[in-house]
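To keep things clear, I will list the structure first and then write my remarks on it.
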Ligand code: MG
């Protein structure tokens, strides 16, 4: 399906449960913590939400359809693989990312001290400046989701300007026809 607008908004959401004894990966960064996020892949809740936001902006199939958890090849997969597929689709559709904004909801660890590292890694992965990447974090007060990490992401895509076709002057065209 070829998108028709010059800008496209995308929204992604994901959640993963904390499990003891596995690495915690958020936004492509490994954080020191006794628990990590379980899942079929590396459980990177933020990269999954970014991937789904990009796919959603293109009205493409979602991450679970492209990389089914039932497929053993994605077991323990590095989530940058999913993100790279979404980025390829964005490029192929003729778009680039204008900016992205995210909110993480988790009781621990505190994300504030890691925001700069996460922003830098996402900037590297998606190819836009850190100033265009929002990273916010909240605790799940009263939600009863203390054993899970949740990520919400919004992205804006803009159409890449294609180089103008070389102009052929009328005179030249006429003289050729004559
Ligand atoms: Mg996920």
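Among the residues of the stretch 11-33, those identified as within 16 Å of the ligand (Cβ to nearest atom) and assigned to a strand (DSSP E or B) are 11, 12, 13, 14, 15, 16, 17, 18, 19, 24, 25, 26.
Residue 41 fulfils the conditions (1) modelled with pLDDT of 95 or more; (2) closer than 26 Å to residue 143 by Cβ except for a single criterion, (1).
Within the set 36, 43, 56, the sole residue that is free of Cβ contacts under 8 Å to residues at least 60 places away in the same chain, within 16 Å of the ligand (Cβ to nearest atom), in contact with a strand residue (DSSP E or B) (Cβ under 9 Å, 6 or more places away or on another chain) and in a strand (DSSP E or B) turns out to be 36. Is there a residue being within 14 Å of the ligand (Cβ to nearest atom) and free of Cβ contacts under 8 Å to residues at least 60 places away in the same chain anywhere in the stretch 2-10? Within the stretch 2-10, none of the residues are within 14 Å of the ligand (Cβ to nearest atom) and free of Cβ contacts under 8 Å to residues at least 60 places away in the same chain. If I filter the stretch 59-74 down to residues being touching a residue at least 24 places away in the same chain (Cβ under 8 Å) and away from the ligand (no atom under 14 Å from the Cβ), which single residue comes out as farthest from residue 89 (Cα to Cα)? Looking at residues that are touching a residue at least 24 places away in the same chain (Cβ under 8 Å) and away from the ligand (no atom under 14 Å from the Cβ), I get 59. For residue 111, are the conditions met, namely being surrounded by 16 or more Cβ atoms within 10 Å (Cβ to Cβ) and within 11 Å of the chain's Cα centre (by Cα)? No: the conditions fail for residue 111. From the list 71, 62, 44, the lone residue that is touching a helix residue (DSSP H, G or I) at 6+ places or on another chain (Cβ under 9 Å) and more than 15 Å from residue 29 (Cα to Cα) is 62.
The values are calculated or read from the model by the stated rules, or taken from the named source; none is laboratory data. Computed from a predicted structure; not experimentally measured. For neighbour counting, all protein chains shown are included, and Cβ atoms are generated from backbone atoms with ideal geometry for every residue, glycine included.
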